[in-house]
1. Failed condition for SER85, given (1) in a helix (DSSP H, G or I); (2) at pLDDT below 90; (3) surrounded by 10 or more Cβ atoms within 10 Å (Cβ to Cβ), with all others met?
2. Can you confirm whether ARG26 is modelled with pLDDT of 60 or more and in contact with a Leu (Cβ under 6 Å, 6 or more places away or on another chain)?
3. Given the structure, is ILE62 touching a Ser or Thr at 6+ places or on another chain (Cβ under 9 Å) and modelled with pLDDT of 90 or more?
4. Could you please let me know if THR42 is surrounded by fewer than 13 Cβ atoms within 10 Å (Cβ to Cβ), at pLDDT 85 or above and not acidic (Asp, Glu)?
Amino acid sequence: MIKINTILFVHMNKTALKYHSFCPLRQNFLYFSRGSLSETKTWLTKASNRKLISEEKFSDLIDRYNSLGIKLNNYINTIGNSGSSNSNDHQ
(Lines give C-alpha, C1' and ligand atoms only; values in the text may rest on other atoms or scores of the structure.)
Protein backbone atom coordinates (compact mmCIF):
# COMPACT_ATOMS: atom_id res chain seq x y z
CA MET A 1 0.00 0.00 0.00
CA ILE A 2 2.83 2.40 0.80
CA LYS A 3 4.42 1.73 -2.58
CA ILE A 4 1.13 2.59 -4.32
CA ASN A 5 0.90 5.88 -2.40
CA THR A 6 4.47 6.74 -3.39
CA ILE A 7 3.77 5.98 -7.05
CA LEU A 8 0.57 8.06 -6.90
CA PHE A 9 2.46 10.97 -5.31
CA VAL A 10 5.20 10.87 -7.98
CA HIS A 11 2.58 10.72 -10.76
CA MET A 12 0.68 13.65 -9.24
CA ASN A 13 3.88 15.71 -9.08
CA LYS A 14 4.74 14.99 -12.71
CA THR A 15 1.20 15.80 -13.81
CA ALA A 16 1.15 19.00 -11.75
CA LEU A 17 4.17 20.28 -13.65
CA LYS A 18 2.16 20.11 -16.89
CA TYR A 19 -0.46 22.48 -15.46
CA HIS A 20 1.92 24.88 -13.74
CA SER A 21 1.45 27.77 -16.18
CA PHE A 22 -2.35 27.47 -16.65
CA CYS A 23 -4.04 28.66 -13.47
CA PRO A 24 -7.62 27.38 -14.11
CA LEU A 25 -6.34 23.94 -15.07
CA ARG A 26 -3.93 23.92 -12.16
CA GLN A 27 -6.68 24.82 -9.72
CA ASN A 28 -8.93 22.10 -11.16
CA PHE A 29 -6.10 19.60 -10.84
CA LEU A 30 -5.66 20.60 -7.19
CA TYR A 31 -9.34 19.92 -6.53
CA PHE A 32 -8.88 16.41 -7.95
CA SER A 33 -5.75 16.02 -5.82
CA ARG A 34 -7.71 16.94 -2.72
CA GLY A 35 -10.28 14.28 -3.60
CA SER A 36 -7.52 11.71 -4.05
CA LEU A 37 -6.07 12.68 -0.70
CA SER A 38 -9.44 12.15 0.95
CA GLU A 39 -9.87 8.79 -0.77
CA THR A 40 -6.41 7.69 0.39
CA LYS A 41 -7.28 8.60 3.98
CA THR A 42 -10.49 6.56 3.67
CA TRP A 43 -8.57 3.49 2.47
CA LEU A 44 -5.98 3.92 5.22
CA THR A 45 -8.80 3.92 7.76
CA LYS A 46 -10.24 0.76 6.22
CA ALA A 47 -6.81 -0.90 6.23
CA SER A 48 -6.39 -0.01 9.90
CA ASN A 49 -9.86 -1.28 10.82
CA ARG A 50 -9.10 -4.55 9.03
CA LYS A 51 -5.77 -4.81 10.89
CA LEU A 52 -3.80 -4.70 7.62
CA ILE A 53 -1.48 -2.02 9.01
CA SER A 54 -0.37 -1.30 12.57
CA GLU A 55 -1.90 1.49 14.64
CA GLU A 56 1.47 3.25 14.73
CA LYS A 57 1.78 3.21 10.94
CA PHE A 58 -1.83 4.35 10.57
CA SER A 59 -1.32 7.25 12.99
CA ASP A 60 1.88 8.31 11.25
CA LEU A 61 0.32 8.25 7.77
CA ILE A 62 -2.92 9.96 8.82
CA ASP A 63 -0.92 12.73 10.51
CA ARG A 64 1.12 13.20 7.33
CA TYR A 65 -1.98 13.27 5.12
CA ASN A 66 -3.77 15.67 7.45
CA SER A 67 -0.78 18.01 7.30
CA LEU A 68 -0.64 17.67 3.54
CA GLY A 69 -4.38 18.39 3.32
CA ILE A 70 -3.98 21.65 5.24
CA LYS A 71 -1.12 22.71 2.96
CA LEU A 72 -3.08 21.74 -0.15
CA ASN A 73 -6.15 23.71 0.98
CA ASN A 74 -4.00 26.75 1.76
CA TYR A 75 -2.41 26.53 -1.68
CA ILE A 76 -5.81 26.21 -3.38
CA ASN A 77 -7.03 29.26 -1.46
CA THR A 78 -3.91 31.22 -2.42
CA ILE A 79 -4.35 30.38 -6.10
CA GLY A 80 -8.03 31.31 -5.96
CA ASN A 81 -7.30 34.62 -4.26
CA SER A 82 -4.48 35.55 -6.62
CA GLY A 83 -6.59 34.62 -9.64
CA SER A 84 -9.51 36.82 -8.55
CA SER A 85 -7.28 39.79 -7.72
CA ASN A 86 -5.51 39.51 -11.10
CA SER A 87 -8.80 39.45 -12.98
CA ASN A 88 -9.91 42.61 -11.19
CA ASP A 89 -6.68 44.37 -12.17
CA HIS A 90 -7.44 43.91 -15.86
CA GLN A 91 -10.95 45.39 -15.73
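The values are calculated or read from the model by the stated rules, or taken from the named source; none is laboratory data. Please read all numbers here as calculations on a predicted model, not as lab measurements. FYI the Cβ positions are ideal-geometry reconstructions off the backbone, even for glycines, and counts take in every protein chain you see.
1. (3)
2. In short, no.
3. So ILE62 fits the description; yes.
4. yes
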